[in-house]
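Visitor: Handing you a structure now.
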Amino acid sequence: MQSAPARLRALLAQPDMVVAPGAYDAITARLIEQAGFPAVYMTGAGTSAARGFPDYGLLSLTEMVENAAMIARSISLPLISDADTGYGNELNVTRTVREFESRGVAAIHIEDQVSPKRCGHLDGKQIVPREEFVSKIRAAIAARRDPDFIIIARTDARAVIGLDEAIDRANAALAVGADMAFVEAVVSLEEMAAVPQRVHGPCLLNIVPGGKTPVAILPGVLLREVIRAVDLGLRRLKDGEEPPLLPPGATVMDIFRRFGADEWDGLRRRYDAGA
């Protein structure tokens, strides 16, 4: 069987855009797979929220890597993961790449924000000098052991300096070997359309499917829906309504089957028979 990075590269070689909804745990990742999407994106914002924190760069490399490992082992789809700033200098970036790669992740993106970073759609971001960003991307490329492991260079320069600098940083990162560029927080459809035209390589866009880019991630779509559904269920419970325990027509076993119960039952029957 092909490695996860090789499978993602094969997807990217096809003409259609790869749409990867954002997961923050194994539940959301498996639901994305069952819905028929070709890849999963591990959202840093969702991972932070699932641990009770805002997306302010408060999670460590270890916390992010272990969440990615849990998701990667729970699905058969390739996983693209947020790797924040790489968690330090070039040495830290080297370890970051090796840790994510060893967990079965297919791709990561590393950004040019000052650490601790902030969500790409918040004000008050700061970025490192272009040369420092390019140096970290160069270190990331050198650190991977599997040449198929995908390094995505993310720049947050649009909100800090402007689109021209963001494009220049993306192209500089591609020039030293990044596989894909990610220009974060464009402010209009016109800018979104301009990015793949001005960037000299494949692009990842954070939001909307459509356009001429190979990958579109939707980090917040499931987190928003989960918050909405949980708020509604809790409000009904507090108002004295009896909430439905299961989806209509479903049994407890139907729920467990969505998380691999049939496979584990098969193993139990096999070894019981052997005994």
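The values are calculated or read from the model by the stated rules, or taken from the named source; none is laboratory data. In this text, all values refer to a predicted model and were calculated from it rather than measured experimentally. Quick reminder, even Gly has a Cβ in these numbers, built from the backbone with ideal geometry, and neighbours come from all protein chains shown. To get the accessible areas, we keep the full protein, side chains included, count just its heavy atoms, and leave off ligands, DNA and RNA. Shrake-Rupley method; radii C 1.70, N 1.55, O 1.52, S 1.80 Å.
Visitor: Grab the Cα-Cα distance for Ala261 and Ser3, subtract it from 0.36 nm times how many residues apart they are, and report the gain in nm with one decimal. Walk me through the numbers on the way to the answer.
Guide: Numbers: separation 258, 0.36 × 258 = 92.88 nm, distance 2.49 nm.
Length gained between Ala261 and Ser3: 90.4 nm.
Visitor: Determine the calculated [θ] at 222 nm for the chain from helices alone, applying -39500 (n - 2.57) to every DSSP H run no shorter than 4 residues and normalising by the residue count; nearest 500 deg cm²/dmol. Please list the in-between numbers first.
Guide: Details: 12 runs with 131 residues, N = 275.
It lands at -14500 deg cm²/dmol.
Visitor: For the chain, report the accessible area per residue in Å² (1.4 Å probe, heavy atoms, rounded to an integer).
Guide: Details: 13870 Å² over 275 residues.
Heavy-atom SASA per residue in the chain reads 50 Å².
Visitor: So, one more: Add +1 for every Lys or Arg and -1 for every Asp or Glu among the other residues with Cβ under 13 Å from the Cβ of Pro54, and state the total. Could the numbers behind the result be given before it?
Guide: Details: positive: Arg51, Lys117, Arg118; negative: Asp55.
Local net charge: +2.
Visitor: Select from region 215-263 those GluC sites (Glu not before Pro) which occupy a DSSP coil region and have at most 15 other Cβ atoms within 10 Å, ordered by residue number. Write out the running numbers ahead of the final one.
Guide: Working: sites: Glu225, Glu241, Glu263; in loops: Glu241.
Of the GluC sites (Glu not before Pro), the ones in loops of region 215-263 whose Cβ has at most 15 other Cβ atoms within 10 Å are Glu241.
Visitor: Continuing with the same structure: In nm, to one decimal, how far is the modelled label at Leu58 from the one at Asn92, with both set 7 Å along Cα→Cβ?
Guide: Here the answer is 1.8 nm between the modelled labels.
Visitor: Do any trypsin sites (Lys or Arg not before Pro) in region 1-93 lie in a loop, going by DSSP, with at most 16 other beta-carbon atoms within 10 Å of their beta carbon, and if so which?
Guide: Values: sites: Arg7, Arg9, Arg30, Arg51, Arg73; in loops: Arg51.
Filter output for region 1-93: Arg51.
Visitor: Using Cα centres only, tell me the gap between region 117-159 and region 69-97 in whole Å.
Guide: With region 117-159 and region 69-97 each reduced to a Cα centre, they are spaced 13 Å.
Visitor: Taking a ≥ b ≥ c as the square roots of the eigenvalues of the Cα gyration tensor of the chain, is the shape rounded (a/c under 1.5), prolate (a/b larger than b/c) or oblate?
Guide: On the way: a/c = 1.92, a/b = 1.48, b/c = 1.29.
Taking the square roots of the gyration eigenvalues as a ≥ b ≥ c, the chain is prolate.
Visitor: If you don't mind, another one. What's the carbon and sulfur percent of the chain's accessible surface, probe 1.4 angstrom, rounded to a whole number?
Guide: Values: 7780 of 13870 Å².
Heavy-atom surface of the chain belonging to carbon and sulfur, 1.4 Å probe: 56 percent.
Visitor: What whole-number volume per residue, in cubic angstrom, does the convex hull of the C-alpha atoms of region 113-243 give? Let's see the in-between values first.
Guide: Working: hull volume 21.1 nm³, N = 131.
Once divided by residue count, the hull of region 113-243 is 161 Å³.
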